[in-house]
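Undergrad: After the structure tokens below, expect a handful of questions from me.
A short reminder: the numbers here are calculations on the coordinates, not readings from a lab. Values in this document were obtained by computation on a predicted structure and should not be read as measured data. Neighbour counts run over all protein chains shown; Cβ positions are idealised from the backbone, glycine included.
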Amino acid sequence: MVTMATREFDLVLFGATGFTGKLVAKYIATSADKPRWAIAGRNADKLRALNIDVPILIADALDAAAMTGIAKRTKVICTTAGPYAKYGSEVVAACAANGTHYCDLAGEVQWMRRMIDAHHEQATATGARIVHTCGFDSIPSDLGTWAVQREFRSTFGMPAQQVTALFGESSGTVSGGTVASGMETAREGGESREVRKILGNPYALDPDPYASRPRSPDETSIGWNAELKMFTIPFLMAGINTRVVRRAHALAGFPWGDDFVYREVMSTPGSPRGLAMAVGITGVLAGIAYAMKKPALRAQLAKRAPKPGEGPSAERRARGYWKVRFVATNGTHKLIYVVGDEHGDPGYGSTAKMLGESALSLARDPLTSSGGVTTPSIAMGAFLFDRLRAAGFTFEVAG
């Protein structure tokens, strides 16, 4: 591992003037960790307007030399500046080369695959932990599965062979940054057959994405979960989250078995109203998927969707919540586990807490994980679990 004792900052927050960036900046500023930190971006006036009493660093994310300069001064770069396929590559490269840890809110599978191919080997050598998807995509899925398996093994003495995560019990809005990332992914997919191949591969983020693995197609239709007595439907973010969970399992050395299967769906109540919801939502998702493949229709969707830099009021964010139910089984034993946040909408408030705690964990906790392009559960594991619990998140066996 590269020693960081002499670095000027514990962490630098890049993109602090965006809507989510401001929330992360406020979270770090009020943290009990009291890190040595700075904010960075292109516009000095906007950074000063935040009125945060920390150093201001002026740099463009596309400027490789500037990113290298910042990476050498800090233990961690935390960035909210997306879409990351446009604005993240030079930041990751600088961190990997200089043994600087990194975290973001990326959900662009094709870009993360490029970062793995370009920088995993070097980051492993320098000790840099490159950790994508440190928000609602994909900490609940990744750290939740890690926690479920830990509980299952503790209870039954063996891991679960299958874990299904059911999303759907939530209140909040999709962030403009998430929409922008989705639009960028759709654009790349429309222009490149190779990108479409990556996006369609359930193991796209594995060290070897074409190795023999259990069949794990994404859900495409309405189903039924007998344990929870709920209808299930395709989940929009499963194409990101499932790949992250599978990469974590592979990086850990397949501790849950070569036949481990992870599924992710959205849930609706097991009632006539819930069935009507399932049919309606599935139809809407199918329409969105079709529109995203057509440039003209995609442009119309973009006009109506939240824009980067926009977001709900503090009052509306405070009313938000989310809950994910994990059903774990090995054929003989079953366990239901709940992960959630009762005091934060998934797209903004809760995501800001998750990214903020990820950055602080990378900067302050005595981590023993290896460097490389990794995942939240692999890089931070129990340290991040404890931090999020302390921040008010639920991780518990269902009563």
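Undergrad: Which whole number in µm²/s is D for the chain by Stokes-Einstein, with the Kirkwood Rh taken over Cα pairs at 10 °C and 1.306 mPa s?
TA: Here the translational diffusion coefficient equals 75 µm²/s.
Undergrad: Hey, another quick one. Can you put THR79, THR268, THR173 in order of Cβ neighbours within 10 angstrom, beginning with the fewest?
TA: The most exposed by this proxy come first: THR173, THR268, THR79.
Undergrad: Which order results if MET230, MET380 are arranged by neighbouring Cβ count within 10 Å, fewest first?
TA: Ranked by crowding around the Cβ, least crowded first: MET230, MET380.
Undergrad: Out of all DSSP beta bridges with both ends in the chain, state the antiparallel percent to the nearest 5.
TA: If we restrict to bridges inside the chain, about 50 percent are antiparallel.
Undergrad: Once phi is turned into θ = phi - 60°, what whole-Hz ³J(HN,Hα) does the Karplus curve with 6.51, -1.76 and 1.60 give for every residue of region 179-185, x standing for Gly and Pro?
TA: 4, 4, 5, x, 5, 5, 4
Undergrad: Could you put PHE136, PHE254, PHE395, PHE326 in order, starting from the residue whose Cβ has the fewest other Cβ atoms within 10 Å?
TA: So the ranking, lowest neighbour count to highest, is PHE254, PHE395, PHE326, PHE136.
Undergrad: Something else: Helix-derived [θ] at 222 nm for the chain: sum -39500 (n - 2.57) over DSSP H runs of at least 4, divide by residue count, nearest 500?
TA: Computed ellipticity for the chain at 222 nm equals -13500 deg cm²/dmol.
Undergrad: Taking every pair of distinct Cα atoms and averaging 1/r, then inverting, what Kirkwood hydrodynamic radius in Å comes out for region 139-341?
TA: 18.3 Å
Undergrad: Please list, or write none, the aspartates and glutamates whose alpha carbon is within less than 17 Å of the alpha carbon of LYS303, excluding same-chain residues fewer than 8 places away.
TA: Once the sequence-local aspartates and glutamates are set aside, what remains near LYS303 is GLU184.
Undergrad: What pairs in LYS75/LYS353; LYS86/LYS307; LYS22/LYS46; LYS26/LYS72 have C-alpha atoms more than 22 Å from each other?
TA: Over 22 Å Cα-Cα: LYS26/LYS72.
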